[in-house]
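S.K.: Submitted below is the structure of interest, expressed as structure tokens.
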Amino acid sequence: MIPTIPQSRSFRILYGGYVALFFLYLALPLTVVAVFAFNDSQFPSLPWEGFTWNWFFGEERPQIGVFHERGILRSVGTSAFVALCVAIMSVCVGTTNAFLFNRYEFRGKGFLYVLMLLPLVIPGIVLGISVLVFSSTLANGVWDMAQIDIQALRPGLLLVILGQFSFITTIATLVISARLQKFDRTLEEAALNLGADRLTAVRTITLPFLAPAMIGAVVVAFLMSFENFNTTLMLVGSDAPLTIAMFDRLKEGSTPLLNAVSLLLMLGSSLLALMLILFQKRG
Amino acid sequence: MRSQSRITFYLLLTPLVLWLGLLIIIPHIDMLLISLRERISFGVYETSLAQYEKALTEPLYLRTFWRTAVMSVLATALTLMIAFPVSYYIAKMAKGRLQQVLFLLCLIPFYVSELVRTFGWMILLRETGLVSNLLQWVGLADRPIELLYTDATMMVGLVYTSMLFMVVPLVTTLESLDDSVIEAGYDLGGSGLSVLREIIIPHAMPGIVSGCIVVFMLSLGNYLTPTMLGGKDSLWFTEMIYNQFIVRSNWELGAAFGFMLLVLSSVIVWGMLWLTGRTLKETMG
């Protein structure tokens, strides 16, 4: 079943048809979401009432567009803030982890490595509740001891950030480790021979080599955080990130406003993803 | 180790230990402890297995637990069966530019939030949705039909959501299979089926295992798809965890549910690794 092996014509057509159907299946839901963002009606469904930009730019009820809808805009801001924090934190820890596992031999290394992988096989919702439970145990403990109520340990942005960080760090570690493994240690030794101290050698030789992987990890972490739902759902407080805000609206019934937000999300994340892919191809 | 390198070692070890300790290990131990207590009166708790007893004797809880497990296995199997021919096509049949474009097309939908994908299925399948309208227009139905809120719809959504995590590892392992090996299989008189069974599938095994593990995990832990696409009867275990924690504020029972889900997923993941003789490190790392 490779091109060099002759196959019957009907088999090839059947196979090609199956693959085409598969891609139709992939594209269908997203296309539908995108198209109905332009429907001039209160509902993202048939009948088609004509084309409109109102769900993006509309200023008056009943068609308030994305760019004038404060609730949505605020939640985009919240999501971006959370995603930025998570991306920076997870790439920092991911980098130190990569150096640790790549450069040192120590007792318990294999065990720690498996432990490091675990967050990937824990369901997101369980990660969420475990962080929720522990932080409230801490908060209650502090209250019992000193009568101080630490708001930061109650559901809210800090917990959302920590919850997402707890598993995105694993991915950042894997991405950065993969690149560090390809690094030629003799380059660093050459820098040391030329009189650089260890820190300078790492800063001027190793880190620039790692930069593409670190930037890649930042983008991946940002996207994963922005789109995370399960962990966030359990830890969210009063200011909801975008996915949660959209979920709440979707439960109440949807208007094409949600389609417009979704379309912008799609454009944004595919742009980021494409940039990442092109960037990595070059690097 | 020299003293300087020793200091660096501990500096590098600290973030790892803090992260795993404070965000993974201790929270899970805490969750276990909470699931093992029973509320006697206000602020008074006693250690007991009452929560697990409740979870294992209440028919609704137990049924949902097994249903979630079985449906997740089913979703994983379906995803594998749908993804395998496509991955093979991308890895072995398509060449050059087409191959890259097809692979990219597979990736892009998954950079989009799961919420958006689920929303797309709702628009397609609801009573006033596109599919219902299409069926009426063709004449296969004489009034609007509700296609949402059934197990089948939920399955469509689950398979869709985790497709990428099957396609990518499959394409990667299949690409590493040398064409000449397949040709040799045919030269030695193998039929298409026997080549598939004895050469291609064994070679793709690492990809199959890691794809299945990830897809199973994602299905088991999915909340959105069962909530939005599934019906009243297709309660998912994650929904019960959410209900106990957020709606009923019964953290003890919720923690017990969480632990049951964790144990179930670990058992199946380790079982799959053990059956195929692989380690977590090889599969994920």
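The values are calculated or read from the model by the stated rules, or taken from the named source; none is laboratory data. For clarity, every value in this text was computed on a predicted model and none was experimentally measured. Ideal geometry is used to build each Cβ from the backbone, glycine not excepted, and the neighbour counts take in all protein chains shown. Note: areas computed on protein heavy atoms with side chains; ligands, DNA, RNA excluded. Shrake-Rupley method; radii C 1.70, N 1.55, O 1.52, S 1.80 Å.
S.K.: Carbon-plus-sulfur fraction of the accessible area of region B:48-284, 1.4 Å probe, in percent?
M.R.: Heavy-atom surface of region B:48-284 belonging to carbon and sulfur, 1.4 Å probe: 66 percent.
S.K.: If you average the alpha carbon positions of region B:233-285 and of region B:124-170, how far apart do those two centres end up, in angstrom?
M.R.: 27 Å
S.K.: Can you pull out the chymotrypsin sites (Phe, Trp or Tyr not before Pro) in region A:1-73 whose DSSP state is coil and whose Cβ has at most 10 other Cβ atoms within 10 Å?
M.R.: Within region A:1-73, no chymotrypsin sites (Phe, Trp or Tyr not before Pro) qualify (loop, at most 10 other Cβ atoms within 10 Å).
S.K.: Before anything else, pin down the relative contact order of chain B: Cα pairs under 8 Å, at least 6 apart, normalised by residue count, whole percent.
M.R.: Computed over chain B, the figure is 24 percent.
S.K.: Could I ask something else about it? How charged is the neighbourhood of residue A:230? Take every other residue with its Cβ under 15 Å from the Cβ of residue A:230, and add Lys/Arg as +1 and Asp/Glu as -1.
M.R.: Its environment carries a net charge of -2.
S.K.: Order B:3-14, A:268-279, B:215-226 from most to least packed using the mean count of other Cβ atoms within 10 Å.
M.R.: The most tightly packed comes first, giving B:215-226, A:268-279, B:3-14.
S.K.: If you build the Cα gyration tensor of region B:48-284 and take the root of 5 times each eigenvalue, what three semi-axes come out, in whole angstrom, biggest first?
M.R.: Each semi-axis is the square root of five times an eigenvalue, giving 36, 27, 15 Å.
S.K.: What residues have an amide H closer than 5 Å to that of residue B:45, excluding those fewer than 5 places away on the same chain, when H is modeled at 1.01 Å from N in the peptide plane?
M.R.: B:40
S.K.: At q = 0.05, 0.09 Å⁻¹, what is the log10 ratio I(q)/I(0) for the protein assembly as shown, with the Debye formula run over Cα points and no solvent?
M.R.: Once normalised to I(0) and log-transformed, intensities are -0.24, -0.78.
S.K.: Now a separate question. How large is the charge dipole for region A:145-255, taken about the Cα centre, if only the Cβ atoms of Lys, Arg (+1) and Asp, Glu (-1) carry charge, to the nearest 20 debye?
M.R.: Value, rounded to 20: 160 debye.
S.K.: Can I ask one more? Which whole-Hz ³J(HN,Hα) couplings does region A:253-269 yield from phi under the Karplus relation 6.51 cos²θ - 1.76 cosθ + 1.60, θ = phi - 60°, glycine and proline marked x?
M.R.: These are the phi-based 3J(HN,Hα) values: x, 10, 10, x, 4, 4, 4, 4, 4, 4, 4, 5, 4, 4, 4, x, 6 Hz.
S.K.: Hey, could you pull the Cα Rg and Dmax for chain A, both in Å?
M.R.: 24.3, 79
S.K.: Roughly how large is the A-B contact in terms of buried accessible area, totalled over both chains, probe 1.4 Å, nearest 100 Å²?
M.R.: Buried area (both sides, nearest 100 Å²): 7900 Å².
S.K.: Next up: For region A:107-161 and region A:168-208, compute the distance between their C-alpha centroids and round to whole Å.
M.R.: For region A:107-161 versus region A:168-208, the Cα centre distance is 31 Å.
S.K.: Given a 1.4 Å probe and every protein chain left where it sits, what share in percent of the accessible area of chain A is carbon and sulfur?
M.R.: 67 percent
S.K.: I've got another one for you. With +1 on each Lys and Arg Cβ and -1 on each Asp and Glu Cβ, and nothing else charged, work out how big the dipole of chain A is about its Cα centre, in Debye to the nearest 20.
M.R.: In total the dipole reaches around 980 debye.
S.K.: While we're here: Under 5 Å between amide H atoms, partner at least 5 residues away or on a different chain: which partners does residue B:37 have, H built in plane at 1.01 Å?
M.R.: Amide H to amide H, under 5 Å and 5 or more residues apart or across chains, residue B:37 pairs with B:48.
S.K.: Here's another thing I want to ask about it. Taking H as built 1.01 Å from N, whose amide H comes closer than 5 Å to the amide H of residue B:148, not counting residues under 5 places away?
M.R.: Under 5 Å from the amide H of residue B:148 lie the amide H atoms of B:127, each far enough along the sequence or on another chain.
S.K.: Across peptide B:25-38, how many C-beta atoms of other chains are within 10 Å of each residue C-beta, on average?
M.R.: The mean count of partner-chain Cβ atoms within 10 Å per residue comes to 4.
S.K.: For region A:94-130, which chymotrypsin sites (Phe, Trp or Tyr not before Pro) are both in a DSSP coil and crowded by at most 13 other Cβ atoms within 10 Å?
M.R.: Listed in order of number, the matching sites are A:106.
S.K.: I've got another one for you. Counting only trypsin sites (Lys or Arg not before Pro) that sit in a DSSP loop (anything but H, G, I, E, B) with at most 15 other Cβ atoms within 10 Å, what is the longest stretch of chain A containing none of them?
M.R.: A:1-106
S.K.: Let me ask something additional. Within 10 Å of each Cβ in peptide A:16-25, how many partner chain Cβ atoms are there on average? Round it to a whole number, please.
M.R.: The mean count of partner-chain Cβ atoms within 10 Å per residue comes to 4.
S.K.: Please give the average number of partner chain Cβ atoms lying within 10 Å of the Cβ of each residue in A:30-36, rounded to a whole number.
M.R.: Per residue, the number of nearby Cβ atoms from other chains is 5 on average.
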